[in-house]
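Colleague: Mind looking over this structure? Questions follow.
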Amino acid sequence: MTHLPFSDRVEAGKLLGAELAKRKLPPNVVVLALPRGGVPVGWEVAKALHAPLDVVVVRKVGVPWQPELAMGAIAGGSVKVLNEELIADLRVSRQEVNAAVAKEKAEVERREKLYRSGRPAPDLRGRVILLVDDGLATGSTMLVAARYVRAFKPAKMIIAVPVGSSDACDRLKKEADDFLCLATPEWFSAVGEWFEDFRQVTDAEVQRLLEESRQQTEVADALELPHKR
């Protein structure tokens, strides 16, 4: 049984990684974390599975006059999900929607270049993809990430998070081939309430963890460890 709150994302990632290691996943697994908060969690999962770590960048599309209120989300510059009911209720014009999507598309592209330091995205076709975040509130961001990854025709897609609302978990189970959430508290308002330390993750931290993962993967491949392709 998982005891809440987690001390921080590192502890949550270690617990999630330990649980996933019991499932004896195939050697071609790739961990894709949602930045920024999902990357420290994904880093611990990747270590536990001796798997490479990369990112799938997803951006919330906010209502123009209330940016924190999501009217949709976008990933990879092309895959998007819009809450048409909310857009209609708030009378957001199609021009405003398109402008907001274009803005976030540019930010997705900027972050992908920044985080990968110009390297190409990994080839996901035919591989087992493990999508990781630090938690699920509404699940909208993970939903877009899952649909984006599915377009690359992986052999299997697994979604794994340390904590999530029951509604979000039920929603995401339908999108994945397998699903793992360590804890689904009965009362859920925000992911951060289930962590003692939920400080913001910086771009520099994301870059550092991804670079460390790349270096470890290169060393492991040279030594012919289990996850060598």
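The values are calculated or read from the model by the stated rules, or taken from the named source; none is laboratory data. All of these numbers come straight from a predicted model, not from anything done at the bench. For neighbour counting, all protein chains shown are included, and Cβ atoms are generated from backbone atoms with ideal geometry for every residue, glycine included.
Colleague: If a residue must be of a type in the set (Lys, Arg), part of a loop (DSSP other than H, G, I, E, B) and closer than 18 Å to Val201 by Cβ, how many such residues does the range 19-69 contain?
Modeller: Here the count works out to 1.
Colleague: Do we have Ala21 as modelled with pLDDT of 90 or more, within 23 Å of Leu124 (Cα to Cα) and more than 16 Å from the chain's Cα centre (by Cα) here?
Modeller: When the stated conditions are applied, Ala21 passes them.
Colleague: Would you confirm whether or not the range 137-157 contains a residue that is in contact with a helix residue (DSSP H, G or I) (Cβ under 9 Å, 6 or more places away or on another chain), part of a strand (DSSP E or B), assigned by TED's automatic domain parsing to the domain that holds Gly13 and modelled with pLDDT of 95 or more?
Modeller: yes
Colleague: Of all residues in the range 103-141, how many are within 19 Å of Leu20 (Cβ to Cβ) and of a type in the set (Val, Ile, Thr)?
Modeller: Residues in the range 103-141 being within 19 Å of Leu20 (Cβ to Cβ) and of a type in the set (Val, Ile, Thr): 3 in total.
Colleague: In the set Glu175, Glu193, which member is out of contact with any Lys or Arg (no Cβ under 6 Å at 6 or more places or on another chain) and in contact (Cβ under 8 Å) with a residue 60 or more places away in the chain?
Modeller: Glu193
Colleague: Also, quick follow-up: Under 8 Å by Cβ, and 6 or more places apart or on different chains, what pairs join a residue from the range 60-72 that is modelled with pLDDT of 85 or more with one that is of a type in the set (D, E, K, R)?
Modeller: Note: pairs meeting the criteria are Lys60/Glu104; Val61/Lys80; Val61/Glu104; Gly62/Glu68; Pro64/Glu96; Gly72/Lys60; Gly72/Lys80.
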